[in-house]
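One structure is given here, and the rest of the page talks about it.
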Amino acid sequence: MAPDAARLLADLRALAALTATEHGAQRLAWTDTWARARAWERERLDELPVSVEIDEAGNLWATLAGERPETLVLGSHIDSVPDGGWLDGCLGVLAGLEILRTIAASGRPRLTVALVDWADEEGARFGLSLMGSSAVAGRLDPSFVAGLRDAGGVTAQDALAAHGVDVARMPEAHGRLANAVAYLELHIEQGPVLEARDLPLAVVTGTYGAERWAVRFEGQAAHAGSTPMELRHDALASAARLALEVREIAGRHGGVGTVGRIDAEPGIVTAVAGVATALVDQRHADAQALEAVHARAREASERIAAQEGVRVTWSPLFQIHPIPFSPALIDAGAAVVAELQGEQVRLPSGPLHDAAHVADAGVPTVMLFVRSKRGLSHTREEDTDEDDLALGLSALGRLADRVLDGADALMPLVG
């Protein structure tokens, strides 16, 4: 049986109608809207011969028992950023659901098949991305999570407890991948490369390494009217200069660099800022290059601080090294892509994905990308043509079939 693209599209539209406003998707993890999406998801899983459970980290698992315990895992995340798009994350979950339906309708599979909806991939509320998958991969520090607070001052410990998750017990989810022999994830590209090449699909070779830091400049708050320019110790000007340096450094080294936010104090129009904190995100596919761009940014911040007469400190927020995906699964995915569109495309992923933690935990992993219109994501303008979504579903289905059949180069993984 072939997966039903019309049913996938109907599911995507229904989820958007349930959890979006005129501003976009509102499935922020650990909120009532996210819980409502999860309940809607459970209703559809209840129609299948699967066991459904929530692990200690809040990840939702639906398992279809096979002839053998070795498990093919399909998944992504149903949470979104505030005012997000209708496809980011949930495409992978609902495409995985459709593949699960198709496999279940065909009888008992050779391998066990599981669908996972990872908890809090986005990190939009507490600033920690890939929370659920990091627990399963053994990378989560529960004491760090417990101390996180959202913009309203609510602790992660309290917010997660309201959804049945005890932060102290989150590492107990670590054993969930014990029987996993492959992990597959379909996702929108979230970038412009496929559209520029006029192609709908790509296989993903791995994820960029990423470093996120809070860079705090401390100068002297002063009156904006009475303080001469040459006598100022302007923290905000220092942070603004760093933002330009981060962009230039990334360009020189072939990576990407962003200062996505600067908070200034006292934050009024009539005062020179005494304190400014810049949030810096740097990414690269090569570990040594990532180390180099970070070192150059630190050097730039110290030079700027000396010139502006301020102090600078760096505090870590998030770090993950570049993670390559399984060569065998990449080749299999590339073959599927070539079958469906006439040529193969292999791309690295700049955005982070739960697949990175799964691969880092030792599970053979690969992702498939489907074209994004104008390269937009994390906005209500995010979109992909329905024909492309159908093609992405077909690609995921074919790749899943090859893992289950143990075909060609995948035999060592499942044989």
Dipole magnitude of the stretch 312-415 about its Cα centre, charges +1 at Lys/Arg Cβ and -1 at Asp/Glu Cβ only, in debye to the nearest 20?
320 debye
Around residue 214 (Cβ within 12 Å, Cβ-to-Cβ, excluding residue 214; K/R +1, D/E -1) the net charge comes to 0
Could you check which residue among 56, 382, 339 shows the biggest mean-square fluctuation in a GNM of the chain with a 10 Å Cα cutoff?
339
Two pseudo-spin positions, 7 Å from Cα along C-beta at residue 155 and at residue 51, lie apart in nanometres by 3.4 nm
Which order do the peptides 341-348, 179-186 take when ranked by the mean count of other beta-carbon atoms within 10 Å per residue, highest first?
179-186, 341-348
Among bridges DSSP assigns within the chain, what percent are antiparallel (round to 5)?
70 percent
FRET efficiency for residue 307 and residue 166 from the Cβ-Cβ distance with R0 = 35 Å, rounded to 0.05, comes out at 0.10
Amide hydrogen neighbours beyond the local backbone of residue 384, cut-off 5 Å, H modeled
373
Dipole moment magnitude, nearest 20 debye, the chain about Cα centre, only Lys, Arg, Asp, Glu C-beta charged
560 debye
Given a 1.4 angstrom probe, what's the average accessible area per residue across the stretch 53-103, in square angstrom?
20 Å²
Do you know the relative contact order of the stretch 200-308, to the nearest whole percent, from alpha carbon pairs under 8 angstrom that are 6+ apart?
37 percent
Just report the Cα centroid separation between the stretch 25-92 and the stretch 306-361, whole Å.
22 Å
Taking the dipole about the Cα centre of the chain, with the C-beta of Lys and Arg at +1 and of Asp and Glu at -1, give me whichever of 315, 60, 30 is farthest to the positive side.
315
The farthest towards the positive end of the charge dipole of the chain, of the residues 369, 243, 340, given +1 on Cβ of Lys and Arg and -1 on Cβ of Asp and Glu, is 243
Report the local net charge at residue 379: Lys and Arg +1, Asp and Glu -1, summed over other residues whose C-beta lies under 14 Å from its C-beta.
-4
Counting only protein heavy atoms, what percent of the accessible surface of the chain is carbon or sulfur at a 1.4 Å probe?
50 percent
³J(HN,Hα) across the stretch 255-268 via Karplus (A = 6.51, B = -1.76, C = 1.60, θ = phi - 60°), whole Hz, x for Gly/Pro?
x, 10, x, 9, 9, x, 7, 10, 9, 10, 10, x, x, 10
Helix-derived mean residue ellipticity, 222 nm - over the chain, DSSP H n ≥ 4, -39500 (n - 2.57), to 500
-11500 deg cm²/dmol
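The values are calculated or read from the model by the stated rules, or taken from the named source; none is laboratory data. Since we're looking at a predicted model, the values are computed, not measured. When we count neighbours, we look across all protein chains shown, and the Cβ atoms used for this are built from the backbone with ideal geometry, even at glycine. Accessible surface is based on the protein model in full, side chains and every heavy atom, while ligands, DNA and RNA are left aside. Shrake-Rupley method; radii C 1.70, N 1.55, O 1.52, S 1.80 Å.
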